[in-house]
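The structure appears right after this line, and notes come after that.
The values are calculated or read from the model by the stated rules, or taken from the named source; none is laboratory data. Predicted model, so just to flag it, every value in this text is computed and none were measured. Ideal geometry is used to build each Cβ from the backbone, glycine not excepted, and the neighbour counts take in all protein chains shown.
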Amino acid sequence: MSKSPTRQEQDSLGPVEVPRDALWGAQTQRAIDNFQIAGRPMPQVFIRALALTKAACAEANQELGQLPDAVANAIVAAAEAVAAGEHADAFPVDVYQTGSGTSTNMNMNEVLARIASGSEEPVHPNDHVNRSQSSNDVIPTALHVSAALALEEELVPALRHLIATIARRERDVGALVKTGRTHLMDAMPVTMGQELSGWRTQLELDLDRLEHTRVRIQRLAIGATAVGTGINAPPAFGARVTGRLAERTGLPFVHEGNGFAALASQDSAVELSGQLRTVAVGLTKIANDLRWMNSGPLAGLGEIALPALQPGSSIMPGKVNPVIPEAVIMASQQVIGLDAAITAAGAAGNFQLNVGLPLIADNLLSQIGLLARASTHLSDRAIAGFTVNEDNLRAALDRNPILVTALNAEIGYEAGARIAKEAYATGRPILDVAAEHTDIPRERLQVLLDPAKLTGPEGAGG
């Protein structure tokens, strides 16, 4: 088999053969040869954030007299092209690489230098593209920028869309009364609106948690360089880069004043991952509620019917399964697992550097993407289209002995328990049994045991 044509590149370790048309250089090629573990590169949103960081660094270096105008402008133009999605195949370095992400940083430096070198003078990956920087502050910066972008552009809109869909369904079906359940057992009645309002509020609180965490994700390490001291960077460099990134993205990034914490700790990423895990828990709860409510249609609860999206069995004709809630639950389980890995990687800080950065970035962005897509699927393919089986709701309410709770203030707990047990044992409506065993007129019992009236705080007597 003929060998693909190559060119020879040089780095501090010596010559390296690189594919002739590749935009990367020697250090990237060494990383390609050394790291083939995940079998996939860093996420595209991370590459975009890294390119935006390089553009901001070039602009700051130009403003601070660290780069000639022609070189800085060429780097900025190259970085903007990469950030726009051009040259995506030029970033093949595996996720599982050196823990600082140096290989990905050098991949970006080499690609931008090669693209920019068509300008008036040659552009060097280290001396020019990486000027005033270290992988140790660039990669944590790109990690935070990419997470902030993914939250802003993917997850937050998806959660707001899901919340709006639930709110709309609250209005559609909110007045319908159903049997409440605790411990999966029949309990006092609730309205569909009350049940859905619980889902909506749960997600609104998740959004609130994310908003509070975003404040810390928007603090950037750039300017700390190698160990946190800012060696080889002008004192104003970090703040200048942060300002440029804020202008480019529209997000309120701020410079992290303590470079030692910014390099050695990834606690903000761990915190964000924990909040994403909480979102996953919430989506799982909602998806499981939908599965239970949809169960049957004959032998289960049968309270709702989810949209029939595909046949549910290769052997049982006519079976239709709750496929969207199941998929959402699996995505949520993956998010929970990714959080465990981020937690372990977050604990991999030793002295002046965390060495789990590529894993943290990859998992964090995967969590955000999974939750965003799962939320949209749950909204549009399950919650938006379910129908309510009102006959089943009424039948369950009519047979629910727990309604006797409403009589506590009239007859006491013990008498109520005896009535409920007899209703359970005989399968008779609680109204009929209560009429036989109390002196309360049937007309008043009908009022006291009206399920609709029992869904408010004034309904039951304690």
Top-ranked residue of segment 234-279 - restricted to ones that are of a type in the set (Ser, Thr, Tyr) and in a helix (DSSP H, G or I), ranked as farthest from Ala49 (Cα to Cα): Thr278
Index of the failed condition, Ala382 passing every other in (1) more than 30 Å from Val281 (Cα to Cα); (2) out of contact with any strand residue (DSSP E or B) (no Cβ under 7 Å at 6 or more places or on another chain): (1)
Residue within segment 309-331 that is within 20 Å of Val95 (Cβ to Cβ) and part of a helix (DSSP H, G or I) present: yes
Among (1) in contact with a helix residue (DSSP H, G or I) (Cβ under 7 Å, 6 or more places away or on another chain); (2) at positive phi, the one test that Gly85 misses: (1)
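Just for helices (runs of 4 or more DSSP H) wholly inside segment 86-197: which have at least 2 residues that are within 24 Å of the chain's Cα centre (by Cα), surrounded by fewer than 23 Cβ atoms within 10 Å (Cβ to Cβ) and without any contact (Cβ under 8 Å) to a residue 60 or more places away in the chain?
156-173
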Segment 2-18 residues that are in the same structural domain as Ser103 (by TED's automatic domain parsing) and on the phi < 0 side of the Ramachandran plot, paired with ones that are of a type in the set (A, V, I, L, M, F, W, C) and loosely packed, with under 10 Cβ neighbours inside 10 Å (beta carbon under 8 Å, 6 or more apart): none
Subset tally (residues that are assigned to a helix (DSSP H, G or I) and closer than 16 Å to His144 by Cβ) for segment 198-233: 8
Among residues of segment 376-398, those that are surrounded by 16 or more Cβ atoms within 10 Å (Cβ to Cβ) and closer than 19 Å to Thr455 by Cβ, counted: 6
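For (1) of a type in the set (S, T, N, Q); (2) farther than 17 Å from Ser132 by Cβ; (3) more than 27 Å from the chain's Cα centre (by Cα), each residue gets a yes or a no:
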site: Leu220; (1), (2), (3): no, no, no
site: Thr225; (1), (2), (3): yes, no, yes
site: Gly230; (1), (2), (3): no, no, yes
site: Phe237; (1), (2), (3): no, no, yes
site: Leu245; (1), (2), (3): no, no, no
site: Asn258; (1), (2), (3): yes, yes, yes
site: Leu263; (1), (2), (3): no, no, no
site: Asp267; (1), (2), (3): no, yes, no
